[in-house]
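Notes for the one structure printed next.
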Amino acid sequence: MPQSIPSSSLAPVAVIGLGKIGLPLAVQYALHGRQVIGCDINPRVIESVKAGISHVQGEPELSQKLAEVVASGHLDATCSTSEAVKQAGVVVVIVPVVVNEDHEVDFSSIDAATVAIGNGLRPGTLVIYETTLPVGTTAGRFAHILSQQSGYQAGQDFQLAYSPERVSSGCIFRDLRIYPKVVGGIDEQSTAAVKAFYRSVLDDSTEILVMDSADDAELVKLIETTYRDVNIALANEYARFADARGLNINAAIVAANTQPYSHIHTPGVGVGGHCIPVYPYFLLAGAADLPSNAAFPQLTLPRLARRINDSMAEYAVQRIENELGSLAGRSILILGVAYRGNIQEVAFTSAQLLQSALVAHGAEVYVDDPLFSAEELHAQGYAHILIPEDENKVCAIILQAAHQEYTTLASELAHGRFAHCQVILDGRNALPREAIEALGRRYIAIGDGQPGTTERLRREYEITSPLTS
Ligand SMILES: NC(=O)c1ccc[n+]([C@@H]2O[C@H](COP(=O)([O-])OP(=O)(O)OC[C@H]3O[C@@H](n4cnc5c(N)ncnc54)[C@H](O)[C@@H]3O)[C@@H](O)[C@H]2O)c1
């Protein structure tokens with residue numbers, strides 16, 4: 001029989017998945033005196049971590065802290081998850097779960113990690129999942145796989161818990177200090193163990209919020225992220241209403257949010273990223289096996305919000321068409337393919353939806369993003385990458401990701417770039433309207449009320465610069 005390992009404060013911690021989140025977590029635990037073994041299936045990740053070099057860029061404090069904990073012998077790394085788990089008293093899993101093109105949850109990576117954990121699991125070990133999951137996954141799917149692989153019973157032979165990782169890339173160590181840590185076990189013993197573990201690896205001032213169960217803890221992350229998607233969808237509907245009425249939604253939102261119970265988000269050309277457009281589908285997945293009846297008519301709002309937010313790309317294109325007439329054969333430039341400004345990530349970016357909508361309207365789509373090479377942009381499916389020789393073909397620009405580099409767009413227009421660009425659609429409310437309008441270019445933003453006053457503006461505007469060709 002394998003020896004039982006108590007999940008005491010001295011037992012090694014295995015962190016499974018050394019990505020953007022897992023690597024900083026491994027470092028955090030090591031900095032709190034734990035012996036940490038990081039596990040990943042990517043040998044290049046293991047090689048660099050063992051050398052004390054971070055493969056994750058743009059994470060403040062990480063490079064220096066990683067070098068420190070590797071040099072002090074507190075952090076080691078391996079491709080062999082089962083072997084690491086055999087030595088560990090605590091296992092923290094932070095391997096991604098994604099959705100496929102049909103919005104179905106894809107567990108393949110985390111299932112594989114869970115099989116490997118099960119193969120090395122010993123009695124007394126505490127297994128914690130931190131990856132965002134549909135409700136019921138830890139206590140159901142993962143308890144089953146772990147028990148099947150190890151021959152041990154969850155709760156009886158080993159502890160099992162869930163704790164959502166709520167930090168954001170780019171400020172992980174700060175967030176670990178200030179965000180309350182939500183935890184929930186599959187039983188009382190697991191809950192006590194997970195609470196004790198985080199108490200030992202987080203700062204004394206970090207609050208630990210204990211939920212009634214792993215399911216409850218899973219729900220927390222899904223509702224906080226889905227809230228943001230639904231909130232943005234509401235802001236987008238407000239914006240379209242304001243456009244139709246000729247009102248300025250952004251000013252209205254700022255004013256509304258001065259009331260302490262109003263927290264309306266910002267409208268825009270779409271919602272991207274790993275989390276906000278994805279986790280509503282996790283929430284829906286957790287409801288799929290529940291009977292729909294009068295008491296529970298399924299989750300209609302998150303589904304609708306997804307549709308509204310994904311329709312904003314088409315709406316933006318229609319607004320440009322309102323200004324220019326038919327887009328057939330016209331060259332339109334998307335600035336920024338990243339899902340938001342100043343990050344080099346494209347997960348579920350609205351740039352893809354914008355490209356599809358523009359192509360459907362017959363336009364020729366150009367893209368630009370200083371954070372990606374032309375090769376990378378081609379690999380993402382963009383046919384025309386902007387080169388200086390093509391700038392004069394562009395008749396409209398959509399700001400999709402408000403990268404720092406684009407803040408100077410107005411002065412670049414003033415210096416003659418994009419000489420034939422008539423319309424700038426500011427999809428992120430990030431450009432200086434007045435400076436752009438002073439150059440005789442049409443500036444539009446989602447929810448700026450322009451369609452409702454289109455004719456008046458068009459009359460005024462056509463005096464200096466006709467908008468239709
Ligand atoms: N990225 C964020 O901003 C963020 C924020 C909060 C929470 N999260 C959560 O963290 C999870 C991980 O996100 P990330 O950004 O660190 O992902 P990532 O893609 O940067 O890293 C994932 C790592 O897991 C490794 N991996 C894949 N399959 C594996 C397996 N079977 N065994 C061991 N390692 C395996 C990959 O090689 C990769 O290094 C997300 O799915 C999400 O639930 C992410």
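The values are calculated or read from the model by the stated rules, or taken from the named source; none is laboratory data. Just so you know, these numbers come straight off a predicted model, no measurement behind them. Note that we place each Cβ from the backbone using ideal geometry, even for glycine, and neighbour counts take in every protein chain shown.
Worth a mention:
- Residues satisfying the stated conditions in the range 288-315, i.e. small (Gly, Ala, Ser) and more than 22 Å from the chain's Cα centre (by Cα): Ala288, Ser292, Ala294, Ala295
- Failed item in (1) away from the ligand (no atom under 16 Å from the Cβ); (2) aliphatic (A, V, I, L, M); (3) buried (at least 16 other Cβ atoms within 10 Å of the Cβ), with Leu10 passing the rest: (3)
- Cβ-Cβ distances below 7 Å connect the following pairs, each with a first residue in the range 189-208 that is more than 18 Å from Pro164 (Cβ to Cβ), a second residue that is modelled with pLDDT under 95, and a separation of six or more residues or different chains: Ser200/Ser9.
- Failed item, numbered, when Gly270 is tested on (1) within 15 Å of the ligand (Cβ to nearest atom); (2) under 22 Å from Ala357 (Cβ atoms); (3) of a type outside the set (Val, Ile, Thr): (1)
- Taking (1) under 23 Å from Ile276 (Cβ atoms); (2) free of Cβ contacts under 8 Å to residues at least 40 places away in the same chain; (3) within 12 Å of the ligand (Cβ to nearest atom) in turn, Ser163 satisfies each apart from (2).
- Within the option set Leu18, Leu62, being buried (at least 17 other Cβ atoms within 10 Å of the Cβ), within 13 Å of the ligand (Cβ to nearest atom) and in contact (Cβ under 8 Å) with a residue 60 or more places away in the chain holds for one residue only, Leu62.
- Residues of the range 178-228 classified as assigned to a helix (DSSP H, G or I) and aliphatic (A, V, I, L, M), total: 12
- Considering only residues in the range 295-342 that are farther than 26 Å from Thr225 by Cα and small (Gly, Ala, Ser), the one that is surrounded by the fewest Cβ atoms within 10 Å (Cβ to Cβ) turns out to be Gly329.
- Residue satisfying condition, being within 15 Å of the ligand (Cβ to nearest atom) and modelled with pLDDT under 95, within set Gln28, Gln57: Gln57
- When residues in the range 273-305 are screened for being on the phi < 0 side of the Ramachandran plot and away from the ligand (no atom under 16 Å from the Cβ), 19 of them pass.
- Selection count where residues are within 15 Å of the ligand (Cβ to nearest atom), farther than 14 Å from Gly17 by Cα and surrounded by 22 or more Cβ atoms within 10 Å (Cβ to Cβ), scope the range 79-101: 1
- Given (1) at pLDDT 95 or above; (2) surrounded by fewer than 16 Cβ atoms within 10 Å (Cβ to Cβ), index of the condition Gly170 fails: (1)
- When every residue of the range 102-112 is checked against the conditions, none turns out to be out of contact with any helix residue (DSSP H, G or I) (no Cβ under 6 Å at 6 or more places or on another chain), crowded, with 20+ Cβ neighbours inside 10 Å and not hydrophobic (A, V, I, L, M, F, W, C).
- Within the option set Glu391, Glu376, Glu345, being over 17 Å from Gly272 (Cβ atoms) and of a type in the set (Asp, Glu) holds for one residue only, Glu391.
- Scan of the range 235-253 for residues that are part of a helix (DSSP H, G or I), surrounded by 16 or more Cβ atoms within 10 Å (Cβ to Cβ) and not polar (S, T, N, Q), ordered by number: Ala235, Glu237, Tyr238, Ala239, Arg240, Ala242, Asp243, Ile249, Ala252, Ile253
- Identity of the residue in the range 111-136, near the ligand (Cβ under 7 Å from one of its atoms) and in a helix (DSSP H, G or I), that ends up nearest to Leu18 (Cα to Cα): Ala113
- Counting only helices (runs of 4 or more DSSP H) that fall entirely inside the range 334-422 and contain at least 1 residues that are polar (S, T, N, Q), the qualifying elements are 350-360, 409-414.
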